[in-house]
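The values are calculated or read from the model by the stated rules, or taken from the named source; none is laboratory data. Small disclaimer: the values here were computed from a predicted structure and weren't measured. For neighbour counting, all protein chains shown are included, and Cβ atoms are generated from backbone atoms with ideal geometry for every residue, glycine included. Just so you know, the surface numbers come from the protein's heavy atoms only, side chains and all, with ligands and any DNA or RNA stripped out. Shrake-Rupley method; radii C 1.70, N 1.55, O 1.52, S 1.80 Å.
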Amino acid sequence: MTGVRLAVWSGPRNISTALMRSWENRPDTRVVDEPLYAYYLDQTGLNHPAREEVIAAGEPDWQAVVAELTAPGPGIYYQKHMTHHLIPQLPLTWIAGLTNVLLIRDPAEVVASYVRSRAEVVAEDIGLVQQTRLYDLLGGDVPVIDAADFLQAPEAYLRWLCRHIGVPFTAAMLTWPAGPRDSDGVWAPYWYDAVVASTGFEPYRPRSVSLDGAALRAAEESRPHYERLHAVRVRLP
């Protein structure tokens, strides 16, 4: 098959790693986990769990990363990206050469989960601000999937994604073996406990969260961006 470079742009604490597991379970797909993370930490100086380990294990040269992400190749190249890695000094013209999808989640749920691993949070940390910028950069020509919708009908949304990129769906995308993967980033021990134990997508359940202080501000500032993207999301019958 002709190569497909599928870039799924999410914020943290979404179903992005489970979705990476799903695609990696296909025999025709290779995956990459947050390839711009080392660059992001190196440039921003932010204190994330395993910061120095992430930089040492990754590639802090954005040009080298982009060259690899955009290089032609066979099969499906599934790229799990975090939109907060798209810092202002990073050129973005290369993104239009990928097949892009935005993956969103209610910001209150994101923040509530995020602060369990990293106490400090601002709106820019959870990616919705950058997702709307990316949506505009791509001229609105990018599908948006809400995690809540997806978890209520994972097979339907996976079938839609497969049709969108022109590949056949396989039931292998619905389940996977529990445990870590060689493809997981070195940050996995700090963020991936639930997905490492998983064997498929967890059933959707509404969540009630209570936030205050900086966490509440981050969620409230992200809310208009979420609502804008939520309004144009892919809705399946």
Identify all residues within the range 9-21 that are open to solvent by 10 Å² or more (accessible area, probe 1.4 Å) and either in a loop (DSSP other than H, G, I, E, B) or closer than 19 Å to ILE87 by Cα (or both); write none if there are none.
-> PRO12, ARG13, ASN14, ILE15
Can you pull out the residues in the range 192-223 that are in contact with a Lys or Arg (Cβ under 8 Å, 6 or more places away or on another chain) and in a helix (DSSP H, G or I)?
-> VAL195
State whether the residues of the range 218-231 include one that is touching a helix residue (DSSP H, G or I) at 6+ places or on another chain (Cβ under 8 Å), open to solvent by less than 20 Å² (accessible area, probe 1.4 Å), of a type outside the set (Ser, Thr, Tyr) and within 24 Å of ARG116 (Cα to Cα).
-> yes
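Taking the options ALA156, ALA194, ALA188, name whichever one is small (Gly, Ala, Ser) and over 17 Å from the mean Cα position of the chain (by Cα).
ALA156
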Out of all the residues in the range 145-173, which are closer than 12 Å to ASP28 by Cβ and part of a helix (DSSP H, G or I)?
-> CYS162, ILE165, ALA172, MET173
Every residue from the range 195-205 that is free of Cβ contacts under 8 Å to residues at least 24 places away in the same chain and open to solvent by 80 Å² or more (accessible area, probe 1.4 Å) | ARG205
All but one of (1) out of contact with any Asp or Glu (no Cβ under 9 Å at 6 or more places or on another chain); (2) open to solvent by 80 Å² or more (accessible area, probe 1.4 Å) hold for ARG235; which doesn't?
-> (1)
Residue identified as under 24 Å from LEU98 (Cα atoms), surrounded by 14 or more Cβ atoms within 10 Å (Cβ to Cβ) and of a type in the set (A, V, I, L, M) among VAL186, VAL167 = VAL167
Checking ARG181 against (1) in a loop (DSSP other than H, G, I, E, B); (2) under 18 Å from TYR78 (Cβ atoms); (3) open to solvent by less than 30 Å² (accessible area, probe 1.4 Å), the condition it does not meet | (3)
Of the residues in the range 21-75 that are among the hydroxyl-bearing types (Ser, Thr, Tyr) and free of Cβ contacts under 8 Å to residues at least 60 places away in the same chain, the one that is farthest from VAL196 (Cα to Cα) is THR44
Could you name every one of the strands (runs of 3 or more DSSP E) located completely within the range 22-129 that has at least 2 residues being open to solvent by 10 Å² or more (accessible area, probe 1.4 Å)?
-> 29-33, 99-104
